[in-house]
Every structure is written in C-alpha cells, then in structure tokens.
Number of protein chains: 2
Amino acid sequence: MLLHDLPAGVHPRRVRIFIAEKGLQIPVRVVDVSRGENTQPDFLRLNPLGQLPVLQLDDGSVIAESMAICRYLEALHPEPALFGRGALEAAQVEMWTRRMETRVSDPIVDIFLHSSDFFRGRIEQLPAVAEWSRARVLETLAWLDGELAHRPYVAGERYTVADIVAQCAFVLGKAAGLRIPPERAHLARWFAAVSARPTARA
Amino acid sequence: MLLHDLPAGVHPRRVRIFIAEKGLQIPVRVVDVSRGENTQPDFLRLNPLGQLPVLQLDDGSVIAESMAICRYLEALHPEPALFGRGALEAAQVEMWTRRMETRVSDPIVDIFLHSSDFFRGRIEQLPAVAEWSRARVLETLAWLDGELAHRPYVAGERYTVADIVAQCAFVLGKAAGLRIPPERAHLARWFAAVSARPTARA
C-alpha cells in the first residue's frame, strides 16, 4: 500500500489523521504539486482528475477521494470505529460528515480558492464566491456552536470522521483568514479538544 | 418509517430511486417548500438545516442527507448491493459516487441556483458562478464520456448509487439548460439506459 499525499491539502489531511487514529503505518509518497507532478501522465494514470490523496494497493488497484480511502481503511481495520457502529449510528455519522463537508469544508475551500494569494493567476478567482462562502460559513458556525453545546463531538459522544472533516476544514480556514469567533465558545472548546489529540498534526 | 420528500429536488430523487431499486415501500410525506413548510418549527425540529429528504424512524430517530439515508437502507436491505460488495468494490463505488457528486451534481445544482428563474429573488444569484460551473461540468462530461467507453455503468459492470447520483444530476441539468451533448455518445448511451430503468421516474 502506498499513499500519494499532498501535505498542505485539506483532503489529504483527513486521510493522514484517519490513519493515525487507526494506529496504522502506511508508506507515503509526497506528490510535488508546485511542480505540476499531479498533471503528469504517471500521476494521471492513477487519478485522471489530478487530485490527491490517492491510495495505491499492492495489486495495482487505486482508490481516490479522501472519504473512499477512509472507508476502505475502516473496512480493513474496524477499530476504533470512526464511521459509527450499527446501521443507525453509521447513518448519523454519515449525516454529520456530509453536513461538515457541504456546510463547513466546501465553502472554506471556496473562500481559499477564490481569495488566497496562492490561487491568484492559477484559477479565475471570483471575489463574490469568496464573500458568499464566508457568509455561509459564519451562519453555519452559529448553528454548529449550538449543536456542540449538547455533546462533546460533532456526531455524538465519540470522535468520528465527522470531526476529522470539520477540524481539517478549520485548519484551512486559518490560511483563508477564517477563524472560529471567540463568542462561539462550544465550537472553540471542541476545536481545542480535537486539535490537542496526538493525531491532529499527522 | 416516514420519508419527508420534495418531489422536484435533486437529492430527494436519489433516495426515491434507491428505494425503488431496493423494492421497498416506505410511506412518503411531501413537504410543501413553496409555502415554506421546511422553514417552520415542526420541520426544523427534524432537520435544523431545513433541507430534504429526511427519513424519520418509528422510534423518533431522524436521518437527514440523501446519502446517509441510502446507506441506512442498504444496511437494512443489503440486496441488491448498490454501494458495492467487499472493501475494495465499496471503496471504488464511493470514489465514483464522490466524483459524480463533486464534478457533476454539485456544479449542476450551482448552475440552477445561480441562473434559474425559480431562484431569482430567493437567493443572491451570481451569474459568474453559473458560467464557471457550466464550464466545469462540460469538461467533466468529456472525461466521463471517455470513462463510459470502457464499461456500462459509472463505477463498473453493475448499476450502483454512483449512477443514481449522476442520473439525478442530469435530470436537474435539463431544467438548468444543460443537456448531454450528442457527441458524447457513451455518456448519452449510459443516460438512455439508466433513464429506461423502471425505477427512473420514482
């Protein structure tokens, strides 16, 4: 097994934290995106979309998409259960993971894409998208803060992949000029707790 | 079990097709979004985000998010397997489902949100987002057409949830003025095949 990685990427970080939470050791190869290595034929044969992370298996099979890689690792190494146990808990973890993706992670990625110096000249930046996304995230944070008043983790009593998705988004948020406002005390408490886990810097 | 539904919605349609493919009968309650029923306290208690679909269980538990509902139903009724069988196939179905979501469904939703008469005055429409999303989808269709030259369905030899996500996106695409270009012959063949399934109009 070989993990093709991008250290700064929000989606690759999810997988690294997931692997660390499982206590697995998987060899890593860093793909040099700054030199366009992900757009070269060798990499496009692995993932025609040119995106990271990618997990390559010993038989040559390839799994792209961070959540697909995490699910594969969960199937091979069920403990600790990061996608929930049993049909209902698994569905609720999936619900919360989806909410963290579409309401937190995706719009933070859009803020970064459309306002960061890094992407200036690399893509057509639309300032209106950055603004619209920022307003949307701030609304979400108010709601999420209220949810976290009632339980320690995003999906319930235990740390799950929903927390991983959200914490990785907030790491990118810092680079995108978006921080958790101090008045969102429950959210800030949650972020401090997940950031203090030994796996957070994986 | 009760499914709270929105007949015209792209995400609720996924769940209805999924239920039909499983051969299940689940009572449905249509939520009248045009009258704002999804923003009323009764509905917000089910899903604070005001979105559909929502599956309500007999014990009062609630599952929102279309893919979470589908996974729950797959856990209860494993056949036919629409999320793949075994760790590797399940991961690859998840990979393709994610690609269909982020590369096909999400941008088609954005075209519709930001250019349709329906949303004029309901949200701040950004024509640049509609244009950018349209260009992105057209690029994706060229790639997806090439992929479908090699296999009958999006994720392989069998119809899966990845097909459901993509076909529902193209149904919305029609309403958003985006059709599969006739020169994308493999994609057109695939869409004709999935649209001809008895479950397609669920």
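The values are calculated or read from the model by the stated rules, or taken from the named source; none is laboratory data. For clarity, every value in this text was computed on a predicted model and none was experimentally measured. Neighbour counts are summed over all protein chains in view; Cβ atoms, including those assigned to glycine, are modelled from backbone coordinates with ideal geometry. For the accessible areas, the whole protein counts, side chains as well, though only heavy atoms, and no ligand, DNA or RNA atoms are used. Shrake-Rupley method; radii C 1.70, N 1.55, O 1.52, S 1.80 Å.
Residue count for the stretch A:61-83, restricted to those that are open to solvent by 10 Å² or more (accessible area, probe 1.4 Å) and either facing chain B (nearest Cβ under 8 Å) or within 19 Å of B:Q56 (Cα to Cα) (or both): 6.
Listed by first and then second residue, the pairs linking a residue in the stretch A:43-63 that is in the same structural domain as A:R29 (by TED's automatic domain parsing) to a residue that is of a type in the set (K, R) and open to solvent by less than 10 Å² (accessible area, probe 1.4 Å), with Cβ atoms under 9 Å apart and 6 or more places separating them unless they lie on different chains, are A:L49/B:R99; A:P53/A:R14. Is it the case that the stretch A:166-177 has a residue that's free of Cβ contacts under 8 Å to residues at least 12 places away in the same chain, open to solvent by 50 Å² or more (accessible area, probe 1.4 Å) and not assigned by TED's automatic domain parsing to the domain that holds A:I19? Yes, there is a match, as at least one residue in the stretch A:166-177 is free of Cβ contacts under 8 Å to residues at least 12 places away in the same chain, open to solvent by 50 Å² or more (accessible area, probe 1.4 Å) and not assigned by TED's automatic domain parsing to the domain that holds A:I19. Restricting attention to the stretch B:114-141, the residues being open to solvent by 40 Å² or more (accessible area, probe 1.4 Å) and either part of a helix (DSSP H, G or I) or not assigned by TED's automatic domain parsing to the domain that holds B:W190 (or both) number 10. Residues that are more than 10 Å from every other protein chain (Cβ to nearest Cβ) and of a type in the set (V, I, T) within the stretch A:101-142 comprise A:V104, A:I108, A:V109, A:I111, A:V137, listed in sequence order. Just checking, does the stretch A:28-45 include any residue being part of a helix (DSSP H, G or I), within 12 Å of another protein chain (Cβ to nearest Cβ) and open to solvent by 50 Å² or more (accessible area, probe 1.4 Å)? Yes, the stretch A:28-45 contains a residue that is part of a helix (DSSP H, G or I), within 12 Å of another protein chain (Cβ to nearest Cβ) and open to solvent by 50 Å² or more (accessible area, probe 1.4 Å). For A:A169, the conditions (1) among the small types (G, A, S); (2) modelled with pLDDT under 95; (3) not in a loop (DSSP other than H, G, I, E, B) all hold with the exception of (2). Yes or no: A:D145 in a helix (DSSP H, G or I), more than 20 Å from the chain's Cα centre (by Cα) and more than 11 Å from every other protein chain (Cβ to nearest Cβ)? Considered against the rule, which asks whether it is in a helix (DSSP H, G or I), more than 20 Å from the chain's Cα centre (by Cα) and more than 11 Å from every other protein chain (Cβ to nearest Cβ), A:D145 comes out as no.
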